[in-house]
Amino acid sequence: MYASVLRLSLMIVALALPVAGQAATVAIDVRGFDGKPLAGAVVTIETPKAPGVTVRGPYMIEQRDISFQPHVLIVPVGATVGFPNRDRVRHHVYSFSKTKKFDLKLYGREDARTVLFDRPGVVPLGCNIHDSMSGFVFVTATPFAALTDQAGHVSMTGVPVGAGTVRVWHPSIRAPGSTASQPIDVAATGFATTFVLHR
Amino acid sequence: MDLRRPRFRHLRTKLSVLYASLFAVTLVLLAVVAQAMIWTHARDSVRQELITSGSVYDRIWLLRSQSLIASADLLSRDFGFRAAVASGDRPTIASALANISHRAEVTAAFVVEQDGQVTGPSGALAATVARFPFAVPNGRRDAVVVVAGQVYRLILSPVMAPTQVGWVVFAVRLDGTEMHALERLSAIPLIATIMRSDGAKRWHAADRSVESDAAVDDLVEASRSSRTLATLNLSTGRAFAIAKPLAGLTDRPQAAILIRYPLNAALTPYLPLQAGIALAGLIGLILVVLGSRRLAQGIAGPIANLDAAARALEEGSHAHIVVKGRDEIGRLAASFNRMSVGILERESRITHLALHDVLTGLPNRTYFRESLDQAILQVGRTGGAIAVLCLDLDRFKGVNDTLGHPVGDALLKAIGAMLSESAPDGLVSRLGGDEYAIILSGQFDADRPRALAQSILDMMRQAVVADGHQIATAVSIGIAIGPADGKDADELLKNADLALYLAKEDGRGVFRFFEPALDAAARWRRQVELDLREAIQAGQFVLNYQPVFDLKADRIGGFEALVRWHHPERGVVPPVEFIPIAEDTGLIIAIGEWVMQEACRQAMHWPEHVRVAVNVSPLQFRNTGFPSIVLQALAHSGLAPSRLEIEITESVFLDGEGPVIALLHKLRAMGIRVALDDFGTGYSSLSYLRSFPFDKIKIDRSFITSIASDPSAAAIVRAIVDLATALDMETTAEGVEDTGQLNMLRGEGCGNIQGYLFSRPVESCRIAGLLENGTSQAA
């Protein structure tokens, strides 16, 4: 049942855009099952020709105003993410994810905490003190990963032309891993599509 | 239907029953209304309670949900538990679930992971629980499901770590315990039963306490949209009920709670009130009955007394009522008392009048008869004797005639008083006229009747003073002693009368006891009377004739007709035996008529100078038809009136002279001769001679018999003859038996003789012979 929740409907628009070399630009709009643009979704494109990721850093998820900021942080595999506490209360940041289990016991503003994410996957973050706090560290192995903006749009350049897979992750997606995927074929002129999430 | 109005013998009962019934009906009506109001009130309050309880129950259900959810949430948000779930640490999860099951008092706790994997107690329930998080409608965190016939409430709580990694599911079995917990929360004694659907529309009680029923089904169905109250007829009795369908996983609930309130339980709180009303009604009724009785007694009591008194009065006994109060009934009682006294007085006066003689105040004949009857009865039972004394004043009529009735009445009173004085031991009564009677009864001395009679006679020897007159009187007394002289009143009285008759016969002024011979004589008289009647019919009478010799003409101048009775058995009966009886019975009239006819007829055969003399009794003479009888006899025979001579005695004048004289003149006018018989023996013969010019005087034989030997008799005869000669009347001497007498009579100038000297009475056939040689014999 959950398998059929998400299906990708692909609308391919042939863009007669000239591209330099073997790369093109991919533009993707994501719409939720209600048809509205879905913001904060992570769109990744996996292609065999993709280069490896590079850790640049620094990566931070602050605890501010009893929330994780940003809500979703995309980091390359091997990145070390800092969890500075900007609130006056203390937090207990944890994750029980298979990608990365960690448990940063109560700490305050003066204590610096960092976690190394060495495997790709989604790491949901929680605070044992504050149930309402929720955040995600998206550990990616592909350089083509971006968050949709408020219009549910994401645009990535330098995507190698050829076949690949688009994956959309969002916590609201009711599918294993909260991820929907769709194979794509990136033309030299680029690729633009709209993902509509279905139940 | 046959509704008979009850009939009351007592006004008291009637009033009591009427009042008590009216009050009882009122009380019953009140009780019925009160019961109806109680029932209505009970029903309304139960309805209200149920509706309230329904709302309360909803609230409780919600609270229980929230409590369970809170418990589940506590677990699902526990950091360690979340860590265990997120890391798939099943032993830890199972341990935590067992722990929470115990702590939160749930039947079972499960964890369902995102992939449907269930951790918790295994069994049929686990399979349902595995599907539950995915099947429950969005936003709902609880549902009631039926698993293997058991009803469970499932509670869902997501496990966030921090994203959802699974669910904690609590299962609470909805059983009797859970329902009892629910019942306890209600203010009224509700009974909650969990019902489950069988998939069709049938609903069954999980604990089988309620039988499947269409009404229950309808109630549950109707309760899905809104709360409905129904009245169910369950096997345990009538009950008000509401249902609460419990939300399941689909639209159609699989379970429901039936909350009912048995009517008898609803009415239980009113039992004291009902009992109170019933008790108050009963007490009221008793008070009303007592009060009604008292009131009715007050009203009807005096009336009942009046009724009893009236009945007593009706039966003749004296009835006096105690007068109480001055109301109408009191006045009525007083009037009744006066009336009762008046009635009794009048009654006793009437009774006295009926039984007593007005003049003397003595008991009358009726009283006498009753007393005699009673005395005979009494003597029959207890022994003893009864004496009846019949008294008759001698010649009382003369007193009335000479002194007048007022004096006669005074005499009767005086004698009554004297008799009462003489016989204080007897009952003195006046039978009527101058007749009295005395009864002596019981144990009296054997000589007492005689002594009493004698004392009365002695007393009467003195003249009695009545109305200022000294009256010499006498009394005749007849005595009969019962039971020897008579078994019953009639016989006793008759025999006393016979004795009295004897006393009168024996010369008056004496007493006689009854003797059986008297009775025999009386019987003989009765037989003679009967025979006389027969004789008149059968013509047993004949006439004999005794010649009357005319001394002056020296020949037979006439015959005196003498009746003879040839009785077929007794032979010839002399006139002295039957004439008094014929006179007593009135048969003398018929006999006299026959004699008159026969004498006239025979006389027609005789020479013209020969007359016939016929004796006429006073009774015949008083008969108004007598002149016509004589006329007929003359007419039939053709006899000249001058040849008929009627002989009367002085006694015809006893009833008064006037009518007799008139009749005599009448006969005389017809040409008939009239002779005065037995002259000299009567009362005042001379005065009669002055009042009527008789044709002949017959000198009584008592003078003739001694005429030859007794100078005074001769002188009397001479005087009579002289007197007759002076009055121009003929004379006939009777009973001449010898020639000496004849010669004396002839010497004194007597005109006619008759007697044995000349001839005995002869039969008619010998008259002719007598006439032929009569002259020579007399000579």
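Return the residue satisfying two criteria in turn: it lies in region B:695-741 and is part of a helix (DSSP H, G or I) and touching a residue at least 40 places away in the same chain (Cβ under 8 Å), and of such residues it is farthest from B:Arg555 (Cα to Cα). Explain how you work it out, then say what you get.
Applying the first criterion (part of a helix (DSSP H, G or I)) to region B:695-741 yields B:701-705, B:711-726, B:739-741.
Then keep just the ones that are touching a residue at least 40 places away in the same chain (Cβ under 8 Å); that gives B:701, B:704, B:720.
On the way: B:Arg701: 21, B:Ile704: 21, B:Ile720: 23 Å.
Going through the qualifying residues, I end up with B:Ile720.
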Fill in: Selection within region A:155-199 - under 30 Å from B:Gln164 (Cα atoms) and of a type in the set (D, E, K, R)
A:Arg167, A:Arg174, A:Arg199
Worksheet, complete the sentence: In the set A:Phe33, A:Phe68, the lone residue that is within 17 Å of A:Ser181 (Cβ to Cβ), modelled with pLDDT of 50 or more and not charged (D, E, K, R) is A:Phe33
Practice prompt. Would you point out which residue out of A:Val122, A:Val115 is at negative phi, part of a strand (DSSP E or B), among the hydrophobic types (A, V, I, L, M, F, W, C) and away from chain B (no Cβ under 14 Å)?
Written response: A:Val115
Fill in: Which listed residue, of B:Ser101, B:Ser95, B:Ser122, B:Ser87, is polar (S, T, N, Q) and in contact with a Lys or Arg (Cβ under 8 Å, 6 or more places away or on another chain)
B:Ser87
Worksheet item: Applying the selection to region B:158-178, what residues are surrounded by fewer than 24 Cβ atoms within 10 Å (Cβ to Cβ) and within 13 Å of chain A (Cβ to nearest Cβ)?
Response: B:Pro158, B:Met160, B:Thr163, B:Gln164, B:Val165
Fill in: Residue check, A:Arg109 surrounded by fewer than 15 Cβ atoms within 10 Å (Cβ to Cβ), touching a strand residue (DSSP E or B) at 6+ places or on another chain (Cβ under 6 Å), over 24 Å from B:Ser87 (Cα atoms) and modelled with pLDDT under 90
yes
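Run down A:Asp29, A:Asp65 and say which single residue is of a type in the set (Asp, Glu) and either within 14 Å of chain B (Cβ to nearest Cβ) or crowded, with 18+ Cβ neighbours inside 10 Å (or both).
Values: A:Asp65 fails: either within 14 Å of chain B (Cβ to nearest Cβ) or crowded, with 18+ Cβ neighbours inside 10 Å (or both).
From the options A:Asp29, A:Asp65, the qualifying one is A:Asp29.
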Fill in: Among (1) in contact with a Lys or Arg (Cβ under 9 Å, 6 or more places away or on another chain); (2) not in a strand (DSSP E or B), the one test that B:Gln546 misses
(2)
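Would you check which residues across region A:90-119 are of a type in the set (Gly, Ala, Ser) and more than 19 Å from B:Arg77 (Cβ to Cβ) and list them?
Of all residues in region A:90-119, those of a type in the set (Gly, Ala, Ser) come to A:95, A:97, A:108, A:112.
The answer is A:Gly108, A:Ala112.
Quick one: in region B:66-100, of everything that is closer than 30 Å to B:Ile188 by Cβ and exposed (fewer than 15 other Cβ atoms within 10 Å of the Cβ), which residue is nearest to the other protein chains (Cβ to nearest Cβ)?
First pass over region B:66-100, keeping only residues closer than 30 Å to B:Ile188 by Cβ: B:66-71.
From what is left, the residues that are exposed (fewer than 15 other Cβ atoms within 10 Å of the Cβ) are B:66-67, B:70.
Numbers: B:Gln66: 18, B:Ser67: 20, B:Ala70: 14 Å.
This residue is B:Ala70.
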Response to the item:
Residue count, region A:117-143, condition buried (at least 23 other Cβ atoms within 10 Å of the Cβ) and among the aromatic types (Phe, Trp, Tyr), comes to 2
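Every residue, every condition in (1) more than 22 Å from B:Gly88 (Cβ to Cβ); (2) in a loop (DSSP other than H, G, I, E, B); (3) of a type in the set (Ser, Thr, Tyr); (4) more than 13 Å from chain B (Cβ to nearest Cβ), yes or no:
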{"site": "A:Lys105", "(1), (2), (3), (4)": "yes, no, no, no"}
{"site": "A:Ser132", "(1), (2), (3), (4)": "yes, yes, yes, no"}
{"site": "A:Asp149", "(1), (2), (3), (4)": "yes, yes, no, yes"}
{"site": "A:Ser155", "(1), (2), (3), (4)": "yes, no, yes, yes"}
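Any idea which residue in region B:537-553 is farthest from B:Ile753 (Cα to Cα), counting only those that are surrounded by fewer than 16 Cβ atoms within 10 Å (Cβ to Cβ) and not polar (S, T, N, Q)?
Here the residue is B:Ala538.
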Item to complete: Six or more apart or on different chains, Cβ under 9 Å: which pairs go from a residue in region B:236-248 that's of a type in the set (Ser, Thr, Tyr) to one that's part of a loop (DSSP other than H, G, I, E, B) and surrounded by fewer than 21 Cβ atoms within 10 Å (Cβ to Cβ)? Could you list them?
Response: B:Thr236/B:Ser209
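Just to check your reading of the model, which residue among B:Phe559, B:Phe578 is at pLDDT 85 or above, surrounded by 13 or more Cβ atoms within 10 Å (Cβ to Cβ) and either part of a helix (DSSP H, G or I) or touching a Ser or Thr at 6+ places or on another chain (Cβ under 6 Å) (or both)? Give the steps one after another, and end with the answer.
Details: B:Phe559 fails: either part of a helix (DSSP H, G or I) or touching a Ser or Thr at 6+ places or on another chain (Cβ under 6 Å) (or both).
After ruling out the rest, the residue left standing is B:Phe578.
How about region B:141-178: which of its residues are farther than 16 Å from B:Phe81 by Cβ, part of a loop (DSSP other than H, G, I, E, B) and either polar (S, T, N, Q) or touching a strand residue (DSSP E or B) at 6+ places or on another chain (Cβ under 8 Å) (or both)? Write out each step before concluding.
Initially, region B:141-178 is screened for residues farther than 16 Å from B:Phe81 by Cβ, giving B:141-154, B:171-178.
Those left that are additionally part of a loop (DSSP other than H, G, I, E, B): B:141, B:148-149, B:174-175.
Hits for region B:141-178 are B:Arg141, B:Gly149, B:Leu174, B:Asp175.
Listed here are the residues, each with its yes/no results for (1) assigned to a helix (DSSP H, G or I); (2) touching a strand residue (DSSP E or B) at 6+ places or on another chain (Cβ under 6 Å).
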position: B:Val210; (1), (2): no, yes
position: B:Lys244; (1), (2): no, yes
position: B:Arg252; (1), (2): no, no
position: B:Ala266; (1), (2): yes, no
position: B:Leu273; (1), (2): yes, no
position: B:Ala280; (1), (2): yes, no
position: B:Leu285; (1), (2): yes, no
position: B:Leu290; (1), (2): yes, no
position: B:Asp307; (1), (2): yes, no
Worksheet item: Would region B:3-12 turn up any residue that is crowded, with 16+ Cβ neighbours inside 10 Å, touching a Lys or Arg at 6+ places or on another chain (Cβ under 8 Å) and part of a helix (DSSP H, G or I)?
Response: yes
Worksheet item: Quick check, is B:Val151 at pLDDT 85 or above and within 14 Å of chain A (Cβ to nearest Cβ)?
Response: no
Worksheet item: Checking B:Leu63 against (1) in contact (Cβ under 8 Å) with a residue 12 or more places away in the chain; (2) assigned to a helix (DSSP H, G or I); (3) hydrophobic (A, V, I, L, M, F, W, C), which test does it fail?
Response: (1)
Response to the item:
Of the listed residues (B:Arg564, B:Arg526), the one being within 30 Å of B:Tyr501 (Cα to Cα) and either among the β-branched types (Val, Ile, Thr) or part of a helix (DSSP H, G or I) (or both) is B:Arg526
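Could you tell me which of the residues B:Ile438, B:Ile415 is outside any helix (DSSP H, G or I), of a type in the set (Val, Ile, Thr) and either on the phi < 0 side of the Ramachandran plot or surrounded by 16 or more Cβ atoms within 10 Å (Cβ to Cβ) (or both)?
Numbers: B:Ile415 fails: outside any helix (DSSP H, G or I).
B:Ile438 is the lone residue from the list that is outside any helix (DSSP H, G or I), of a type in the set (Val, Ile, Thr) and either on the phi < 0 side of the Ramachandran plot or surrounded by 16 or more Cβ atoms within 10 Å (Cβ to Cβ) (or both).
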Practice prompt. For region B:750-765, state whether one or more residues are surrounded by fewer than 14 Cβ atoms within 10 Å (Cβ to Cβ) and assigned to a helix (DSSP H, G or I).
Written response: yes
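For region B:179-208, how many residues meet the condition of being touching a strand residue (DSSP E or B) at 6+ places or on another chain (Cβ under 7 Å) and closer than 18 Å to B:Pro245 by Cα? Full working, then the answer.
The first filter runs over region B:179-208 and keeps only residues touching a strand residue (DSSP E or B) at 6+ places or on another chain (Cβ under 7 Å), leaving B:179, B:182-183, B:188, B:190-198, B:203-207.
Going one step further and asking which of them are closer than 18 Å to B:Pro245 by Cα, we end up with B:179, B:182-183, B:190-198, B:203-207.
So the answer is 17.
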Discussion item. One residue is enough: does region A:85-101 have a residue meeting the conditions in a strand (DSSP E or B), touching a Phe, Trp or Tyr at 6+ places or on another chain (Cβ under 9 Å), away from chain B (no Cβ under 13 Å) and touching a residue at least 60 places away in the same chain (Cβ under 8 Å)?
Written reply: no
Response to the item:
Going through region B:467-495 in order, the residues found to be modelled with pLDDT of 85 or more, surrounded by 18 or more Cβ atoms within 10 Å (Cβ to Cβ) and outside any helix (DSSP H, G or I) are B:Ile471, B:Thr473, B:Val475, B:Ser476, B:Ile477, B:Gly478, B:Ile479, B:Ala480, B:Ile481, B:Asp485, B:Gly486
Worksheet item: Of the numbered conditions (1) acidic (Asp, Glu); (2) within 30 Å of B:Gln164 (Cα to Cα); (3) touching a residue at least 24 places away in the same chain (Cβ under 8 Å), B:Asp78 satisfies every one except a single condition; which is it?
Response: (3)
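The values are calculated or read from the model by the stated rules, or taken from the named source; none is laboratory data. Owing to the predicted nature of the structure, the values given are computational and were not obtained by experimental measurement. Quick reminder, even Gly has a Cβ in these numbers, built from the backbone with ideal geometry, and neighbours come from all protein chains shown.
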